[in-house]
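S.K.: Mind looking over this structure? Questions follow.
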């Protein structure tokens, strides 16, 4: 059963006759489910915390690298920008998607040369229409 102020408020409302037995039980069960879900989420976050601590320096290094690249790109000429794109991009795939109404839409996927992040195995590419 739920603890705290919310439970006390529900009981107070019940005592005043503003809600019946069934509604009180439903609300208490709902609060209990919410509390369980929050405890599960808390346990998951606590378990993931060491991994986040491990990745924090990598994220800071990536951020620094991206800031340096941005600064250099602002000053680079077209040839240097092209060279940078060629160094970072492994390939660009363009496909056509045909919708139900027959309309054809281009779909572009950019696959980068660097390794995928921890977000997922396809996180090294950006897709778009």
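Since every read-out is calculated from the coordinates, none of them should be taken as a lab result. All values derive from a computational prediction rather than experimental measurement. Virtual Cβ from ideal backbone geometry, glycine too; neighbours counted across all protein chains shown.
S.K.: Hey, what angle do you get for helix 78-88 against the long axis of the chain, alpha-carbon based, 0 to 90 degrees rounded to 10?
M.R.: On a 0 to 90 degree scale, this one is about 60.
S.K.: I would also like to ask the following. With angles folded into 0 to 90 degrees, how steeply does helix 5-15 sit against the dominant principal axis of the chain? Use alpha carbons for both and round to 10.
M.R.: It is inclined by approximately 40 degrees.
S.K.: Counting helices only, and only those DSSP H runs with n ≥ 4, report the 222 nm mean residue ellipticity of the chain as the sum of -39,500 (n - 2.57) divided by its residues, in deg cm²/dmol to the nearest 500.
M.R.: Result for the chain: -21000 deg cm²/dmol, rounded to the nearest 500.
S.K.: Mind checking the angle between helix 21-75 and the chain's longest principal axis? C-alpha axes, 0 to 90 degrees, to the nearest 10.
M.R.: 20
S.K.: Can you tell me what percent of all Cα-Cα pairs in region 1-75 are more than 15 Å apart? Working shown, then result.
M.R.: Working: 1971 of 2775 pairs.
I get 71 percent for the Cα pairs in region 1-75 exceeding 15 Å.
S.K.: Shifting gears a bit: Using per-residue counts of other Cβ atoms within 10 Å, averaged over each peptide, order 18-31, 98-111 from highest down.
M.R.: On the way: 18-31: 12.9, 98-111: 9.8.
Output ranking for 18-31, 98-111: 18-31, 98-111.
S.K.: Can you give me the pair-distance distribution of the chain, C-alpha pairs, 10 Å bins, whole percents?
M.R.: Percent of pairs per bin, in order: 10, 19, 18, 15, 16, 14, 6, 1.
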